[in-house]
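What follows is a short report on a single structure.
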Amino acid sequence: MKNKLFFALCAVLMVLLGTSDALRGVFSPLFLSSFGFSEAMVGVIVSASYLGNLVFLLIGGNILDRLGIRKSMFFFIIMMALSLCLLLFGYEYSILIAGFFLTLGLSTLLNTSINIASDNFSDNNSLSYLNILFFIQGIGTSGSQLLLSPYADSKKAWNITLIVLASLMIPILMMLMRTNLDEKKGKAQINEKTEGKISYIPLLILILSLSFYTIAEHGVTNYIISYGIALGRDSAEMGRYLALYSLGIMSGRLILGSLISRTGAERMLLSSLIVGSISFFLIFYSSMLALTFVAGFAISVFYPTIVAYSRHFVPSSFDSRATTIVVSLASIFDIIFNFSFGFVIENMGFFYAMRILPITIILSLLFSLPLLVGKKR
């Protein structure tokens with residue numbers, strides 16, 4: 001590995017980002033009890049955080065291309081620390097909305113910045129190290145959920161967590177100033193990239209593939225517990241299946257991510273979607289819920305790898321904007337789907353509505369085929 005300092009900083013930052021992302025869900029009892037907000041008001045907070053993701057991705061790519069990775073990340077981390085401090089006053093509803101709009105948006109933008117800078121980790125294994133970082137982020141998310149859940153209605157725990165997260169951003173900023181980053185690579189180990197022009201059709205195909213994949217991945221996360229309860233399953237049992245799914249994603253990013261340099265990115269992406277499609281089909285058409293681990297494991301490397309793949313179709317000067325635009329457009333599809341899926345459930349019921357998810361991941365596979373079949377690293 002090269003630039004070990006930068007990788008170590010990104011690893012610590014990913015733990016903090018994973019923890020920050022979990023706050024909204026972990027402390028929702030605090031918002032309802034001590035802060036006195038309603039369920040509908042908490043729903044607005046969730047919507048605001050999704051909107052923050054979209055807005056920051058749309059503007060962040062231009063900042064990254066103009067300032068470069070190191071200066072941009074320095075700016076984003078300062079903003080993240082200030083946003084976490086803002087949440088200390090979250091007992092005011094408008095401030096809580098603004099705080100989560102900022103923190104979730106900046107978290108996604110920092111996450112994407114690390115993806116763009118991944119070639120600083122290695123000349124030959126950057127995708128492997130990138131997937132390891134996403135695994136580390138999962139540790140931050142699940143670990144914080146485990147540790148903080150017993151204090152979910154504690155204002156003291158809420159304040160301490162925010163202060164600790166904001167404070168830990170300071171040494172990261174100081175060490176980031178000492179790193180030397182290659183700002184120009186951005187090839188993500190995948191073929192020779194387009195020079196001087198943007199390949200719009202491949203980018204559009206990639207966006208559609210990522211969009212349908214995101215719908216499938218988040219569909220399981222957001223709805224599988226309610227789906228199981230609607231079918232007469234126990235909520236605790238469905239919680240275990242969801243945990244298996246998350247564990248599959250985490251372990252897959254660690255194990256499969258380390259194999260990408262050997263198998264080739266294209267082959268890994270195709271295998272990911274093929275096994276994922278089969279698993280999703282068996283889960284929702286044959287009620288084989290225990291396969292949630294296999295499904296999560298199979299699709300685990302797709303998101304970070306396909307996002308890095310987008311830089312193959314643009315000139316180096318457009319790397320950052322291309323990456324953020326791809327992720328933000330896929331997010332729009334995801335938001336539209338989640339907005340409309342409730343109406344689908346009301347009209348079709350969970351049993352038939354959830355059968356849409358295997359179809360979306362199969363569509364992701366089909367859109368990926370022109371980009372990946374026959375290509376070699």
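The values are calculated or read from the model by the stated rules, or taken from the named source; none is laboratory data. Everything quoted here is computed from the prediction, not taken from an experiment. Neighbour counts are summed over all protein chains in view; Cβ atoms, including those assigned to glycine, are modelled from backbone coordinates with ideal geometry. These area figures cover heavy atoms from the full protein model, side chains too; ligands, DNA and RNA do not enter into them. Shrake-Rupley method; radii C 1.70, N 1.55, O 1.52, S 1.80 Å.
Go through (1) open to solvent by 60 Å² or more (accessible area, probe 1.4 Å); (2) closer than 25 Å to Val326 by Cβ; (3) at pLDDT below 85 and name the single condition Asn191 misses.
Among (1) open to solvent by 60 Å² or more (accessible area, probe 1.4 Å); (2) closer than 25 Å to Val326 by Cβ; (3) at pLDDT below 85, the lone unmet condition for Asn191 is (1).
Can you find a residue in the stretch 259-273 that is more than 12 Å from Ala295 (Cβ to Cβ) and in contact with a Gly (Cβ under 7 Å, 6 or more places away or on another chain)?
No: zero hits.
Would you mind finding the one in Ile278, Ile260, Ile274 that is at negative phi, out of contact with any Pro (no Cβ under 7 Å at 6 or more places or on another chain) and open to solvent by less than 10 Å² (accessible area, probe 1.4 Å)?
Ile260
Quick one: which helices (runs of 4 or more DSSP H) lie wholly within the stretch 285-377 and hold at least 1 residues that are free of Cβ contacts under 8 Å to residues at least 24 places away in the same chain?
319-348, 350-353, 356-372
Keeping to the stretch 17-68, report how many residues are more than 30 Å from Ser316 (Cβ to Cβ) and among the β-branched types (Val, Ile, Thr).
6
Go through Phe134, Phe212 for me and flag whichever is out of contact with any strand residue (DSSP E or B) (no Cβ under 9 Å at 6 or more places or on another chain), modelled with pLDDT under 90 and surrounded by 14 or more Cβ atoms within 10 Å (Cβ to Cβ).
Sole residue among the options that is out of contact with any strand residue (DSSP E or B) (no Cβ under 9 Å at 6 or more places or on another chain), modelled with pLDDT under 90 and surrounded by 14 or more Cβ atoms within 10 Å (Cβ to Cβ): Phe134.
Does Gly239 qualify as being of a type outside the set (Ser, Thr, Tyr), over 20 Å from the mean Cα position of the chain (by Cα) and within 27 Å of Ile336 (Cα to Cα)?
yes
Within the stretch 339-377, restricting attention to residues that are over 22 Å from Ile306 (Cα atoms) and polar (S, T, N, Q), which residue is least open to solvent (accessible area, probe 1.4 Å)?
Looking at the filtered set, the residue picked out is Ser340.
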